[in-house]
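The values are calculated or read from the model by the stated rules, or taken from the named source; none is laboratory data. Bear in mind that the values here come from a model prediction, so they are computed numbers and not experimental data. Virtual Cβ from ideal backbone geometry, glycine too; neighbours counted across all protein chains shown.
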Amino acid sequence: MVVEEIKAKESHENGIAFPSDKIMLDLKDLKKVYPTPKGDYVVLEHLNLQILKEEFVTIIGHSGCGKTTMLSMIAGLNPISGGNIAVLGNPIKGPGPDRGVIFQSPSLMPWMTALQNVLLGVNRVFPHATKAQRKEIAKYYLHKVGLDGAFYKKANELSQGMQQRVGIARAFAIKPKVLLLDEPFGMLDSLTRGELQDILIEIWNKEKITAVMITHDVDEAIFLADRVVMMTSGPRAKIGDILNIDFERPRTRKAVLEHDDYYKYRKHLIDFLEH
């Protein structure tokens with residue numbers, strides 16, 4: 001697998017460049033500026049990051065370091081002030097179906113059923129499929145996230161955890177090249193959070209799409225990722241450090257917790273955050 005080729009601890013910002021045919025997402029000298037009455041506020045500056053095909057990257061950093069800003073720029077939802085973001089070498093020009101997004105709150109259409117919410121994206125991305133085929137795609141992903149009995153329930157009748165399952169199904173169903181996740185489990189209780197982490201990683205293992213996920217949770221960052229990217233505190237945030245997670249896939253929580261390197265990784269991340 002491509003990810004196993006990553007043994008360098010640092011990003012290309014520090015002199016390591018990956019072969020261009022392996023790179024899914026390339027952030028070059030990225031900058032984000034918000035004008036204020038007191039002058040420009042620079043959120044991100046000189047941010048460089050290359051993410052490989054089929055790689056799962058988690059991003060951690062203190063609140064206000066620009067993690068969500070960076071993710072929304074990759075999604076095409078927030079204009080770029082400087083630098084460039086490319087997917088498979090093509091600069092992004094706004095939102096597109098090549099990038100699926102899962103937000104912290106699922107942002108579903110409350111009056112629509114779970115199935116209708118997933119079909120919204122599927123209908124747009126697969127216009128040439130038959131109605132039956134599109135419905136089959138939507139039902140398949142709702143089944144994968146454990147919502148067999150809730151196809152025809154309206155979103156506002158679902159619990160928060162179930163709504164987030166619909167959000168995960170919706171994002172995977174459009175078959176994006178890159179999956180962007182902005183703390184998707186941040187508002188859930190720990191039991192639901194663990195269940196949805198397992199569901200997410202199970203589908204990701206099968207689909208093998210590039211995933212970039214923001215999290216505040218060090219354990220979540222380690223459990224899910226091939227690499228954990230640490231961002232410096234803002235303003236003018238950039239990549240501070242990158243940690244390779246050399247656990248075999250597929251992983252179980254038990255195997256990760258019992259691995260000799262687990263606490264070493266955990267200490268590395270906590271030391272960075274406390275620095």
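Counting only residues that are of a type in the set (Val, Ile, Thr) and part of a helix (DSSP H, G or I), which one in segment 80-129 is farthest from Ala169 (Cα to Cα)? It comes out as Val125. Within segment 224-256, being exposed (fewer than 13 other Cβ atoms within 10 Å of the Cβ) and either touching a Cys at 6+ places or on another chain (Cβ under 8 Å) or more than 25 Å from Leu179 (Cβ to Cβ) (or both) holds for one residue alone: Lys254. Please verify whether segment 224-240 includes one or more residues that are under 19 Å from the mean Cα position of the chain (by Cα) and under 26 Å from Tyr140 (Cα atoms). Looking for residues that are under 19 Å from the mean Cα position of the chain (by Cα) and under 26 Å from Tyr140 (Cα atoms), one finds at least one in segment 224-240, hence yes.
The C-beta contact set for segment 124-137 (first residue surrounded by 11 or more Cβ atoms within 10 Å (Cβ to Cβ), second residue in a helix (DSSP H, G or I), distance under 6 angstrom, 6+ apart or interchain) comprises Phe126/Arg134; Arg134/Val122; Arg134/Asn123; Ile137/Val122; Ile137/Ala173. For segment 53-68, taking the residues that are surrounded by fewer than 21 Cβ atoms within 10 Å (Cβ to Cβ) and modelled with pLDDT of 95 or more, the one that is farthest from Glu207 (Cα to Cα) is identified as Lys53. Are any of the residues in segment 175-190 farther than 23 Å from Ile137 by Cβ, touching a residue at least 24 places away in the same chain (Cβ under 8 Å), crowded, with 22+ Cβ neighbours inside 10 Å and in contact with a Lys or Arg (Cβ under 6 Å, 6 or more places away or on another chain)? Looking through segment 175-190, at least one residue is farther than 23 Å from Ile137 by Cβ, touching a residue at least 24 places away in the same chain (Cβ under 8 Å), crowded, with 22+ Cβ neighbours inside 10 Å and in contact with a Lys or Arg (Cβ under 6 Å, 6 or more places away or on another chain).
Checking each residue in segment 144-158 for being out of contact with any Phe, Trp or Tyr (no Cβ under 9 Å at 6 or more places or on another chain), within 15 Å of Ile168 (Cβ to Cβ) and assigned to a helix (DSSP H, G or I) picks out Asp148, Ala150. Where helices (runs of 4 or more DSSP H) sit wholly within segment 166-275, those with at least 2 residues that are within 24 Å of His62 (Cα to Cα) and of a type in the set (Lys, Arg) occupy 262-274.
Filtering Gly94, Gly83 for residues that are without any contact (Cβ under 8 Å) to a residue 40 or more places away in the chain, on the phi > 0 side of the Ramachandran plot and not β-branched (Val, Ile, Thr) leaves a single hit, Gly94.
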